[in-house]
1. Taking 7 Å along the Cα-to-C-beta vector as the label spot, tell me the Ser102-Val85 distance in nanometres, rounded to one decimal.
2. Mind giving me the FRET efficiency for Ser5 and His62? R0 is 41 Å, r the Cβ-Cβ distance, nearest 0.05 is fine.
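Rule-based calculations on the coordinates, nothing more; no lab input. Keep in mind that this is a model prediction, so the values were computed, not measured. In this analysis, Cβ positions are derived from the backbone assuming ideal geometry, glycine residues included, and neighbour counts consider all displayed protein chains.
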Amino acid sequence: MKAWSHLPNAAHIDAVVAAARDAARDAARGAAQGAARGAAWDAAWVAALDAAWDAAWDAARHAAWDAAWDAAWDAAWGAPCDAVVALVAWDECGVYLSKDVSAESMRHLLAVNPDLHAVCLLLPYKTYLEATQ
């Protein structure tokens, strides 16, 4: 039994957590690989002219990989973490994750009333859900 099983939005929280783990890993890996490859190639090319190909390649690849991985991981986990916070704090906000409510309608709600904190926290995750479906 999960710690949040008694909450009204427990099923939504379970879905957010399950989707977030795979999405964060895939996004972070893709971003890190692309950034590492580009940065390593650029740095290694310049360093090769100075006869330090191997050292520069490794250093640039590791630095770019670490930076891109951290940035992508943080971005990929930010939306699900905010969604879980909203789902725990506001029992009634699970309705925003239904298929009947679109991210566009949530943006409209925020334009009309920027004080809808649950909508503000759920919007990035809802946008992600629509982009992956």
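1. Going by the 7 Å Cα→Cβ label model, 2.8 nm.
2. Details: r = 42 Å, r/R0 = 1.01.
After rounding to 0.05, the efficiency reads 0.50.
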